[in-house]
Amino acid sequence: MADKPSNVTGSLITIGDEILLGDILNGNARHIAAELRSRGFLLDRMITVGDIEEHIVENLGKCLDGSHFVIVTGGLGPTDDDRTCAAVSRAMQRPLICNPDYARWLRDRLGELGVEWSREVERMAELPEGAVKLGMDSAGFSVVHKDIPCYFLPGVPEEVKLLLEKEVIPDLEARFPNRRTYRKHIVRIQGLLEAQINGRLRSFEPVEGVEIGYYPHGGENWVSIFAAAPNEEKCRELMTSARDKVVALIGAQHISGHNDDCLEKVVGRLLRKRSWKLVLAESCTGGLLCRKITAVPGASDYLDRGFVTYSNRAKSELLGVSEELLQAHGAVSGEVAWAMAEGAARNAGAEVAIAITGVAGPDGGSAEKPVGTVFIACVTPGGRKVEKYSFGTAAREQIQESSAQAALTMLWEILTGGREPLVCD
């Protein structure tokens, strides 16, 4: 009888002062975790340490205790703060030895670039005894220590992705062929608060191997479903059953998409289906909504143009918003938002127009219209809709992001027959 598939779990160490200081996001950790999970491997710990040799040695020692595998990123360059190789040497008690093939490749490559060979570069070819070089185009090596495969990758995201796909995951799959299958599914929810989602899912009783969780994400609320099973067929069966229950309990009218189905993709499909053209008129978001929509391949099928009308003059000259309206209600008002949308639709001859105007801050607010006050209007062949939003005293970038997301949500609601338009008299 074949052995029962088991959980294969590992540890990830990301190295770099720039991560700890908040100068860069730890995108490597997210990518590695997601790619491993999709292939049947899980991480049971993630650790970030600075460029301090003692800290690397200490944490590497901890990870070697109880992990099926270890992945480390960063600290493999030629500078004084690249301490990974020295730390591995100490933690595993393996002397550093020059890898002649890598040294030769480095020397030839530098010669092509007209760069002089130096002791700093030579250090990059010194690897712990027993190390196997992972490709020549970038720093990276593996070591099997006490039967635990350990992979040391550079910190450059592109190189991490390449080595993970070409070297690390194939090696792990060969070493651990009998492992469980994992699947993750995201349900994207609009128009419900976390507490409301919690209430609707209270009766959900996951079977063994299924877990659910919910959390806010970029203006939406997500329900995550995680399934684990001995094989792909059983895992897919568990996931399908759990997903259908979640959809039924939440209500299909609140679900805008699944997994990577962001609102800009969903809205694009709905517009394309109707053969409707979309035009945008943005003030406080400065083109952010346009950037989101054009990030989707094929957006030219439905997006006609976008106006960034930041000043009152631009609103008047490009969109036809009257001076009287601006004087009477102010640029940040439902009346002006509606006039912007109407003017944009008229100018472009488009069926659908979205307009955004507001106070993104940190200055410019008033008692009547404090920072975070935003008006969004949408004009369609079926009518118009204008709403006022209060995004509070969040950072300027967050208010802009929330405004663009709210505009997408409004358009999605209209295109799917959501709430009735709120006409601004």
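Of the numbered conditions (1) farther than 25 Å from Leu64 by Cβ; (2) in contact with a Lys or Arg (Cβ under 7 Å, 6 or more places away or on another chain); (3) of a type in the set (Ser, Thr, Tyr), Tyr182 fails exactly one; give the number of that condition. Tallying (1) farther than 25 Å from Leu64 by Cβ; (2) in contact with a Lys or Arg (Cβ under 7 Å, 6 or more places away or on another chain); (3) of a type in the set (Ser, Thr, Tyr), Tyr182 fails exactly one: (1). Remark: Gln400 falls outside the filter, which requires a residue to be assigned by TED's automatic domain parsing to the domain that holds Tyr302, closer than 14 Å to Leu280 by Cα and either at pLDDT 95 or above or in contact with a helix residue (DSSP H, G or I) (Cβ under 8 Å, 6 or more places away or on another chain) (or both).
May I ask you to say which residue of Phe226, Phe204 is at pLDDT below 95, among the aromatic types (Phe, Trp, Tyr) and either outside any loop (DSSP other than H, G, I, E, B) or farther than 30 Å from Thr294 by Cβ (or both)? First the steps, then the outcome.
On the way: Phe226 fails: at pLDDT below 95.
None of the other options fit; the residue is Phe204.
Right, Ser11: of a type in the set (S, T, N, Q), outside any loop (DSSP other than H, G, I, E, B) and either in the same structural domain as Ala131 (by TED's automatic domain parsing) or within 29 Å of the chain's Cα centre (by Cα) (or both) or not? Yes; evaluated as a whole, the condition is true for this residue.
As a summary of the residue check, Asp301 satisfies the conditions (1) closer than 18 Å to Glu351 by Cβ; (2) free of Cβ contacts under 8 Å to residues at least 12 places away in the same chain except for the one numbered (2).
From the residues in segment 266-292 that are without any contact (Cβ under 8 Å) to a residue 60 or more places away in the chain and buried (at least 18 other Cβ atoms within 10 Å of the Cβ), which one is farthest from Val321 (Cα to Cα)?
Our first condition is that a residue be without any contact (Cβ under 8 Å) to a residue 60 or more places away in the chain; within segment 266-292, this holds for 268-269, 272-273, 275, 287, 290-291.
If we keep only those that are buried (at least 18 other Cβ atoms within 10 Å of the Cβ) too, we end up with 268, 290.
Values: Gly268: 27, Cys290: 21 Å.
Step by step, filter segment 266-292, then rank; the result is Gly268.
Of all residues in segment 134-145, those that are at pLDDT 95 or above and either touching a His at 6+ places or on another chain (Cβ under 6 Å) or at positive phi (or both) total 1. Restricting Ala227, Ala242 to those that are more than 22 Å from Gln405 (Cα to Cα), crowded, with 21+ Cβ neighbours inside 10 Å and touching a helix residue (DSSP H, G or I) at 6+ places or on another chain (Cβ under 8 Å) reduces the list to Ala227. A count restricted to segment 205-224 and to residues that are closer than 17 Å to Gly40 by Cβ and either crowded, with 18+ Cβ neighbours inside 10 Å or in contact with a helix residue (DSSP H, G or I) (Cβ under 6 Å, 6 or more places away or on another chain) (or both) stands at 2. Checked against (1) over 20 Å from Thr14 (Cβ atoms); (2) within 35 Å of the chain's Cα centre (by Cα), Leu110 meets all criteria but (2). When segment 178-208 is filtered for residues that are of a type in the set (S, T, N, Q), out of contact with any Phe, Trp or Tyr (no Cβ under 9 Å at 6 or more places or on another chain) and in contact (Cβ under 8 Å) with a residue 40 or more places away in the chain, the ones remaining, listed by number, are Asn178, Thr181, Ser203. Of the candidates Thr357, Thr309, Thr380, Thr373, the single residue that is under 21 Å from Arg269 (Cα atoms) and either acidic (Asp, Glu) or surrounded by 16 or more Cβ atoms within 10 Å (Cβ to Cβ) (or both) is Thr380.
Given the structure, is Gly61 in contact with a helix residue (DSSP H, G or I) (Cβ under 8 Å, 6 or more places away or on another chain) and surrounded by fewer than 16 Cβ atoms within 10 Å (Cβ to Cβ)? Against the criterion (in contact with a helix residue (DSSP H, G or I) (Cβ under 8 Å, 6 or more places away or on another chain) and surrounded by fewer than 16 Cβ atoms within 10 Å (Cβ to Cβ)), Gly61 qualifies. The set of residues in segment 281-335 being within 24 Å of Ile399 (Cα to Cα), small (Gly, Ala, Ser) and assigned to a helix (DSSP H, G or I) consists of Ala314, Gly334. Here Arg313, Arg269 are screened, and the one residue that is more than 27 Å from the chain's Cα centre (by Cα) and basic (Lys, Arg) is Arg313.
The values are calculated or read from the model by the stated rules, or taken from the named source; none is laboratory data. Note that the structure is a prediction, hence the values are computed from the model and not measured. Positions of Cβ are backbone-derived with ideal geometry, glycine not excepted, and every protein chain shown enters the neighbour counts.
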